[in-house]
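K.L.:
Here it is, the structure in full.
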Amino acid sequence: MSVHRLLRAAPADPAATGPTTGPSIGSNSTPPPGRSAAVHSRALARQLHPGAWWLWSLGLAAAASRTTNPLLLLLLLAVAGYVVAARRGDAPWSRSYAAFLRLGLLVLAARMVFAVLLGSPVGGTHVLFTLPQVPLPAWAQGVRLGGSVTLEGVLFALYEGLRLAVLLACVGAANALASPSRLLRSLPGALYEAGVATVVAMTFAPNLVADVRRLRAARRLRGRSDRGVRAVLSVGLPVLEGALERSVALAAAMDTRGFGRTAAVPRRLVRTAGALTLAGLLAVCSATYGLLTPGAHPWALPVLLAGAGAAAAGLVLGGRRSVRTRYRPDPWALPEWLTAASGALVAAALIWYAGRWPEALTPSVVPPTAPSLPLLPALAALVGLLPAFVTPEPPRSTR
């Protein structure tokens, strides 16, 4: 067939060839609906800065530490759970929130059992039941095994255990929302070595949960039971083997990326940076304790500001010793500011309210009274829901 016949056989209308597979090179047209639009939206999605998630969760944890009101604690737990359900991805660490909830329930149950068996520091007149008491030697004065179990002691243990469980849930929310590797990448150069150890420790629990879930699913596919002591023992060895393989891979990756490489800086600068960082962190810890404990501490806020300034100066000076480069650093935009501000507002509101009306955030157990939900702290706790609406949806992996 000649060239003229081929040209005559070609359709004159480009639309006659049917739907095209996508825009041509250099075209600025929008992608067609369907699969291309989904891929385009995934390309525009981004993950929130991990530091913003940690600031938000620490704000909720600080608010939970100021109250033993079970209604407020359950409200904070619901806020953290809703944000995790709305903004977590499908990475392995994103499924660790349920493990932290189970750990919180275990802590609450252990606190209740200890209160029943060993007694409670608060007295009480409403005796629920009496256990046989074991006599103890004279050197164990103040400790008892068994005896009368009062309603006041049980309520005190329930409130304290619930507060600790909510604190664990807030930390679990940060683990489920923030990528540990991106958090390590965002740390200052002066904290890089300590940050590596912290990130490795933080990733141990999520990876352990993922390995156990994967191995239990494999046992079910093979027709074997995934429950009981025998199943746990058969899963333990592969889990340890996987942890060892990840440790070796992490060591190789760190060696490939030049971990531990330092710049030549004067020794005086290194000592000054270390002293400023240590003094600043100690001042921040003491001032935080003064702000969170009940009572008036006028020195806490100036010490907190001075300690934060000294720690920041030490981190800036110490960062000169670490030779690091960042590829595509994580942006800190308006969603990050709103997320961090929501957690800080929740913490500040409950700290302020606890200083004015402590009886509303700490219900009485002697005599026992029914807890009530104060309106202003409840509205402040609902501010923690803001990240579920103002942050971008995390990108999903393509399967």
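The values are calculated or read from the model by the stated rules, or taken from the named source; none is laboratory data. Everything quoted here is computed from the prediction, not taken from an experiment. Cβ: placed from backbone, ideal geometry, glycine included. Neighbour counts: every protein chain shown.
K.L.:
Does region 72-97 hold any residues that are of a type in the set (Gly, Ala, Ser) and at pLDDT below 90, and which are they?
P.N.:
GLY89, ALA91, SER94, SER96 - these are the residues of region 72-97 that are of a type in the set (Gly, Ala, Ser) and at pLDDT below 90.
K.L.:
Give all pairs with beta carbons closer than 6 Å in which a residue from region 153-177 that is within 15 Å of ALA85 (Cβ to Cβ) meets a residue that is outside any helix (DSSP H, G or I); count only pairs at least 6 apart in sequence or on separate chains.
P.N.:
Here the result reads ASN175/SER96; ALA176/ARG88; ALA176/SER96; LEU177/ARG88, each pair linking region 153-177 to a residue that is outside any helix (DSSP H, G or I).
K.L.:
Still on this structure, please answer the following. One residue is enough: does region 314-333 have a residue meeting the conditions assigned to a helix (DSSP H, G or I), over 24 Å from LEU281 (Cα atoms), at pLDDT 85 or above and not acidic (Asp, Glu)?
P.N.:
For region 314-333, residues assigned to a helix (DSSP H, G or I), over 24 Å from LEU281 (Cα atoms), at pLDDT 85 or above and not acidic (Asp, Glu): absent.
K.L.:
Right, PRO335: touching a residue at least 60 places away in the same chain (Cβ under 8 Å), surrounded by 12 or more Cβ atoms within 10 Å (Cβ to Cβ), closer than 30 Å to VAL154 by Cβ and out of contact with any Phe, Trp or Tyr (no Cβ under 8 Å at 6 or more places or on another chain) or not?
P.N.:
no
Residue-wise test of (1) over 15 Å from the mean Cα position of the chain (by Cα); (2) part of a loop (DSSP other than H, G, I, E, B); (3) modelled with pLDDT of 70 or more.
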site: ARG163; (1), (2), (3): yes, no, yes
site: LEU168; (1), (2), (3): no, no, yes
site: ALA173; (1), (2), (3): no, no, yes
site: GLU193; (1), (2), (3): yes, no, no
site: ALA201; (1), (2), (3): no, no, no
site: PRO206; (1), (2), (3): no, no, no
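K.L.:
May I ask you to verify whether LEU301 is at pLDDT below 85, assigned to a helix (DSSP H, G or I) and closer than 30 Å to LEU361 by Cβ?
P.N.:
So LEU301 passes the test.
K.L.:
Another question, if that's okay. Restrict the check to region 363-386 and report whether at least one residue is in contact with a Ser or Thr (Cβ under 6 Å, 6 or more places away or on another chain), assigned to a helix (DSSP H, G or I) and at pLDDT 90 or above.
P.N.:
Yes, that holds for at least one residue.
K.L.:
Inside region 77-122, can you point out the residues that are among the aromatic types (Phe, Trp, Tyr) and within 13 Å of the chain's Cα centre (by Cα)?
P.N.:
TRP93, TYR97, PHE100
K.L.:
What number goes with the only condition from (1) touching a Leu at 6+ places or on another chain (Cβ under 9 Å); (2) part of a loop (DSSP other than H, G, I, E, B); (3) among the hydrophobic types (A, V, I, L, M, F, W, C) that ALA340 does not pass?
P.N.:
Here ALA340 meets the rest and fails (2).
K.L.:
Can you find a residue that is surrounded by 13 or more Cβ atoms within 10 Å (Cβ to Cβ), hydroxyl-bearing (Ser, Thr, Tyr), modelled with pLDDT of 75 or more and assigned to a helix (DSSP H, G or I) anywhere in region 251-274?
P.N.:
The answer is yes; a qualifying residue exists.
K.L.:
Looking at region 112-148, which of the residues that are of a type in the set (Val, Ile, Thr), within 24 Å of LEU74 (Cβ to Cβ) and touching a residue at least 12 places away in the same chain (Cβ under 8 Å) is surrounded by the fewest Cβ atoms within 10 Å (Cβ to Cβ)?
P.N.:
Once the filter is applied, the top-ranked residue is VAL122.
K.L.:
Here is a follow-up. Please go through region 175-191 and give me each residue that is at pLDDT 85 or above and either in a helix (DSSP H, G or I) or farther than 26 Å from ARG246 by Cβ (or both), ordered by number.
P.N.:
ASN175, ALA176, LEU177 - these are the residues of region 175-191 that are at pLDDT 85 or above and either in a helix (DSSP H, G or I) or farther than 26 Å from ARG246 by Cβ (or both).
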